[in-house]
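The values are calculated or read from the model by the stated rules, or taken from the named source; none is laboratory data. None of these values were measured; they are calculated from a predicted model. Methodologically, a virtual Cβ is constructed for each residue, glycine included, from the backbone with ideal geometry; neighbour enumeration extends over all protein chains shown. Ligands, DNA and RNA are stripped out before the accessible areas are found, and what is left, the full protein with its side chains, is counted by its heavy atoms. Shrake-Rupley method; radii C 1.70, N 1.55, O 1.52, S 1.80 Å.
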Amino acid sequence: MRIGAIQKFSMIDYPGKLSAIVFTQGCNFRCPYCHNPELVDSAKFLDPIPKETLFTFLKKRVGKLDAVSITGGEPTLHKDLPQLMKNIKKMGFLVKLDTNGSNPEMLSKIIAESAVDYLAMDIKAPLEKYSQITRSQVDTLAIQRSIQLIKKSGVDYEFRSTLVQDMLSKKEVLQMGSLLGNAKRYFLQKFVPSKTLNRDFAEATSFSNQKMDNLQQILQNNFQEFAIR
Ligand code: SF4
């Protein structure tokens, strides 16, 4: 496990809970609009934070925080992720995992071992456009398997998509919604200009409010919970 950073407190990352956030280093995707280049581009990696440092910090937060969110990068690249999550749960924290869905084997293990309380998976594109949008070779069968695993897991979950103007059309976003079938939660996230993996995207914009409103009208009835955030 390579821990790149720890955010000590968040009121928004784990739904309804106070959490800390653990950021892992390394990702198998190269989304050009990624906001965490220092966790994706190995040339930008800082020395990893030892696990002992994380657990020393968490011991002091027992009773003060409800949960720990694990994000990246892509956390499922790290073989010791399930054990780390179980160790955090043993301390009494809820555990949330963010994933790009590329590793259904790891997701299956985490679910089977009851190592997770909340799963959040990014949906990057319609299947046929996944490799283009993520600038990576993507096994789209793995993405589909992860979606099904999460829906059937019995674990609370959400799917979410970040929308960058000109990367996806309205029709493609609707295809992404269809990919999720009758999923419980789907959130569309407006891209916010910031530091990005590909600097050409630093000043990219999100979909217009009108386009977002239009997508909301079409998609909101397909899910138990749907929101734009
Ligand atoms: S946005 Fe893309 S490149 Fe960045 S961490 Fe997520 S999956 Fe990896």
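Observations on the model:
- Among residues of region 124-153 being free of Cβ contacts under 8 Å to residues at least 24 places away in the same chain and open to solvent by 50 Å² or more (accessible area, probe 1.4 Å), the one that is farthest from Phe207 (Cα to Cα) is Lys152.
- Filtering region 31-53 to residues that are in contact with a strand residue (DSSP E or B) (Cβ under 6 Å, 6 or more places away or on another chain) and aliphatic (A, V, I, L, M) leaves Leu39, Ile49.
- The number of residues in region 61-81 being within 16 Å of the ligand (Cβ to nearest atom) and either open to solvent by 50 Å² or more (accessible area, probe 1.4 Å) or assigned to a helix (DSSP H, G or I) (or both) comes to 4.
- In a residue-by-residue description of region 93-103, the property of being open to solvent by 20 Å² or more (accessible area, probe 1.4 Å) and either assigned to a helix (DSSP H, G or I) or at pLDDT below 95 (or both) applies to no position.
- If you go through region 82-115 and pick out every residue that is within 15 Å of the chain's Cα centre (by Cα) and either among the acidic types (Asp, Glu) or within 16 Å of the ligand (Cβ to nearest atom) (or both), you end up with 11.
- Of all residues in region 157-175, those that are on the phi > 0 side of the Ramachandran plot have Cβ atoms under 9 Å from Cβ atoms of residues that are outside any strand (DSSP E or B) and within 14 Å of the ligand (Cβ to nearest atom), 6 or more apart or on another chain, in Asp166/Ala204.
- Residue list for region 31-60, filter: assigned to a loop (DSSP other than H, G, I, E, B) and within 12 Å of the ligand (Cβ to nearest atom): Cys31, Pro32, Tyr33, Cys34, His35, Asn36, Asp41
- Being among the charged types (D, E, K, R), away from the ligand (no atom under 16 Å from the Cβ) and under 21 Å from Ala142 (Cα atoms) is not true of Glu225.
- A Cβ distance below 8 Å, combined with a sequence gap of six or more or placement on separate chains, defines the contacts here; from region 25-54, residues that are among the small types (Gly, Ala, Ser) reach residues that are open to solvent by 70 Å² or more (accessible area, probe 1.4 Å) and within 16 Å of the ligand (Cβ to nearest atom) in the pairs Gly26/Arg2; Gly26/Ser42; Gly26/Leu77.
- The set of residues in region 217-229 being in a helix (DSSP H, G or I) and out of contact with any Phe, Trp or Tyr (no Cβ under 7 Å at 6 or more places or on another chain) consists of Gln217, Ile218, Asn221, Asn222.
- The residues of region 2-30 that are open to solvent by 10 Å² or more (accessible area, probe 1.4 Å), within 16 Å of the ligand (Cβ to nearest atom), in a loop (DSSP other than H, G, I, E, B) and in contact with a strand residue (DSSP E or B) (Cβ under 8 Å, 6 or more places away or on another chain), listed by number, are Arg2, Asp13.
- Restricting attention to region 164-205, the residues being open to solvent by 20 Å² or more (accessible area, probe 1.4 Å), in contact with a Leu (Cβ under 8 Å, 6 or more places away or on another chain) and not in a helix (DSSP H, G or I) number 2.
- Qualifying positions in region 116-125 - away from the ligand (no atom under 16 Å from the Cβ) and over 21 Å from Ala5 (Cα atoms): Asp117
- Among the residues making up region 102-150, those that are touching a helix residue (DSSP H, G or I) at 6+ places or on another chain (Cβ under 9 Å), more than 30 Å from Gly92 (Cβ to Cβ) and polar (S, T, N, Q) are Ser102, Ser131, Ser136, Gln137, Thr140, Gln144, Gln148.
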